[in-house]
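To keep things clear, I will list the structure first and then write my remarks on it.
Values quoted throughout were computed directly from the atomic coordinates according to the rules given, and no laboratory measurement underlies them. Values in this document were obtained by computation on a predicted structure and should not be read as measured data. Counting neighbours? That spans all protein chains shown, and the Cβs are built from the backbone with ideal geometry, glycine included.
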Ligand code: FES
């Protein structure tokens, strides 16, 4: 048992060693941290987690969270507490495009349920699942603050509003053709943070 635990630790350590921000991402992280006083770098955690999620495949593995803790000089549990609280952080692998369909009052009254069913059928997945090609994950979300243009969905930093089946078709085709990870910072986060 002891050697098994030790073996797991070694494995985690070697996985952890592979995780490092690119120079570009690290420059962005440093820029974010510089907005806060010395010793208050924990305040930078939310935007830094967005950069980490965009940088490391759209989700935050335990190793990535440990790395963020190390970069910000805070405890790993402090990172986990925040990352596990907000639905915008994914703690398990997801598709390159996470589709979050709002299901709250205004969207619900305007057909959100039908939009969800339409996407489920089109992508052959259920809510919470990812397509086999790793392209799309479907989620539902609570009010995303775009009630006047219901029904709507969010994918990364983009809002898609006044949804119709035809609009959904276009969104899915466009994203699939682009084939890129859509993060809350759209990967060209240098322009948006
Ligand atoms: S109810 Fe859907 S955005 Fe507010």
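Structural remarks
- Cα gyration tensor, the range 42-107 - rounded (a/c under 1.5), prolate or oblate: prolate
- Förster-model FRET efficiency, 30 Å R0, residue 81 and residue 178, C-beta, rounded to 0.05: 0.35
- Separation of alpha-carbon centers, the range 142-158 and the range 94-138, rounded to whole Å: 13 Å
- The calculated FRET efficiency for the pair residue 109 and residue 30, based on their C-beta separation and a Förster distance of 41 Å, comes to about 0.35.
- Dividing the summed -39500 (n - 2.57) terms of all DSSP H runs of n ≥ 4 by the residue count of the chain sets its mean residue ellipticity at 222 nm at -14000 deg cm²/dmol.
- Cα pair distances of the range 97-178 binned at 10 Å [whole percent]: 20, 59, 20, 1
- The eigenvalues of the Cα gyration tensor, multiplied by 5 and square-rooted, give the chain an equivalent ellipsoid with semi-axes of 33, 20, 15 Å from largest to smallest.
- The slack between residue 124 and residue 157, meaning 0.36 nm per residue of separation minus the straight C-alpha distance, is 9.4 nm.
- Given their separation in residues at 0.36 nm each and the Cα-Cα distance between them, residue 20 and residue 43 gain 6.2 nm when the chain is fully extended.
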